[in-house]
Each structure stands twice: as C-alpha cells, then as structure tokens.
C-alpha cells in the first residue's frame, strides 16, 4: 500500500506555479494551492486508491493541446509547437511518486552514474500512459 507523507502532498501543492493554466478539468493551480490543507485528505484517498488499484481516474487521461508560437511567420504551422495542458492533480501525484522512486534509487545507490537517464525515463513512463 502506498502512503505518501502528508507534508509531501502539501509541499507539492504549495509549490504549484499558480500563474499556470488549468488543465482539462478547469481546476486552477491557484485553487489547489490555496486549499491545500483542506484537500490533503481527499487527495490522499484518491492517490491511495489509484496506486492500490493501478488505475487513474478517467478524466486524468485527457489533455488540452494548444499551439504555442515559437518564431518566424505566425501564418506557418511549423512555427508553433504543441503544449499539452494536463490535469494538475494528476501531475502532483506523478511528482510525489517520481520523488519516492528517485529517493529509493538514491538510498540504494542504484544507477548513480545514470541518474539523469533514470530521471528522464521515469518522466517518460508517466507521460506515455
């Protein structure tokens, strides 16, 4: 059974970039940050259930993809890059799990010489599902 310490969740919610856009659920990061103490227990229950069942809520699988202008003529499609706006609550859970995995690797001294590679692969694992 997975149980992230409450300070970890609270810290993650406290450190959210509140000026970022909300995801497809329209839940703004500022709301999560300001209500972090009230949301701690409900988020713990959602995260534990998700971890124990191996499934995430269906709504967390959706993202809004928007074009972001890079450079050059704004009339050409090649001058834009896609950015996916994903569910903020899901990103917090991913971050907590990633931190625990990396802490485990660090304590066990696994992959010390490949730490950057492991971190990149863990990120890819979460965003490929």
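The values are calculated or read from the model by the stated rules, or taken from the named source; none is laboratory data. No experiment lies behind these values; they were computed from the predicted model shown. Glycine gets a Cβ as well: all are built from the backbone with ideal geometry, and neighbour counts include every protein chain shown.
Cβ-Cβ distances below 6 Å connect no pair with a first residue in segment 86-104 that is at positive phi and modelled with pLDDT of 85 or more, a second residue that is surrounded by fewer than 20 Cβ atoms within 10 Å (Cβ to Cβ) and in a helix (DSSP H, G or I), and a separation of six or more residues or different chains. Here residue 51 fulfils each of the conditions (1) over 17 Å from residue 96 (Cα atoms); (2) surrounded by 13 or more Cβ atoms within 10 Å (Cβ to Cβ) apart from (1). In the set 69, 47, 37, only one residue is over 18 Å from the mean Cα position of the chain (by Cα) and modelled with pLDDT under 90; that residue is 37. Every condition in (1) closer than 20 Å to residue 96 by Cβ; (2) free of Cβ contacts under 8 Å to residues at least 60 places away in the same chain holds for residue 23 except the one numbered (2). Output the number of residues of segment 1-14 satisfying the condition of being exposed (fewer than 12 other Cβ atoms within 10 Å of the Cβ) and either under 14 Å from the mean Cα position of the chain (by Cα) or modelled with pLDDT of 85 or more (or both). Within segment 1-14, residues that are exposed (fewer than 12 other Cβ atoms within 10 Å of the Cβ) and either under 14 Å from the mean Cα position of the chain (by Cα) or modelled with pLDDT of 85 or more (or both) number 0.
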